[in-house]
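Only the coordinates and a few stated rules stand behind these numbers; no lab work does. All values reported here derive from a predicted model rather than from experimental measurement. In this analysis, Cβ positions are derived from the backbone assuming ideal geometry, glycine residues included, and neighbour counts consider all displayed protein chains.
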Amino acid sequence: MVLRIVLFAMMALGLGGFGIIAWVSTRQPPAAVAQAKPEPEAAAEVKPEPPKPVVKQTVLVAGRPLRAGSLLKPEEITVREVLQDGLPDGASADTAQNRQALVGAMVRRPVAVGEPLLMGDIMRPGDHGFLAAVLSPGMRAITIGVDAVSGTAGLIWPGDRVDVILTQALEDASVPLGRRISAETVQRNARVIAIDQQLVQGTLPGSAEGNSARTVTLEVTGSQALQVQVAARIGKLSLSVRSSDTSESGNDAQSVVFAADISAALARQPTQLRTDVIRVHSGTSESKEYKVK
């Protein structure tokens, strides 16, 4: 009986020892456990955003200081590159169409050199109220017809100063030959405020438009407008561009120039005297003629 108990105790101890050994063999040491743990994922690298591309646009700007009420000329329009983000509203890109639209337009406010020409700051000839806005106080607008020659071949621009020249030819045979053709200045230093666009741009050679008359609108006083209208009925009107120097004298041109003043041959032509014939009747049948010089 005692032997059985001792045997069973030894068997129990053996089974217990075997279990402990099996448990220890299956368990990893703490260092191994630490090494076996997966490393935390490295934080994703934050890459800086690439710089935005610098976008520039070429716009039309003032090439010289412009005062309010002045009319834009081609040489007063230039270009400048500006950032797309800083582009002001109403700025015009550098295109042929936009340049054409600006030529002859009136500036509503003073514009500095290099400042963009904004559409809201100008008034174009086709806009309502353009003539009333561009005219100086007390002045009038009068339009005359010109052709490619009398309009100086399309080289006149709004804002230019011109003289209006009247050329006429008399058909009276009693007037000396050297004085039958004359030219005179009927208006000096008139400001051009509008021009037919076809005259500015020109037309294709041989086209139908090339033979039609164009118009030029001038700024004059009320009495000068009447003089120009009468002169247009007397003969042919031509325009002569004046210098941009405002100090130029306004009475520099000779009042009237005759053909004899230009051509020495015409000046030497004999003066044709007027001869009148008087017929005197005596009674009912007799009559005599008398020439009076």
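Can you tell me the mean projection area, over all orientations, of the convex hull of region 54-134's alpha carbons? Units nm², please.
On the way: hull surface 19.8 nm².
For the Cα atoms of region 54-134, the hull's average projected area reads 4.9 nm².
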Can you tell me the length gained on complete extension of the stretch D127 to D85, counting 0.36 nm per residue apart and subtracting the Cα distance?
12.1 nm
Put +1 on the Cβ of each Lys and Arg and -1 on the Cβ of each Asp and Glu in region 54-134; which of G86, V55, G104 then has its Cα farthest toward the positive end of the dipole?
G104
Be a star and scan region 223-240 for residues whose amide nitrogen sits under 13 Å from the point 7 Å along the Cα-to-Cβ vector of Q168.
227-237
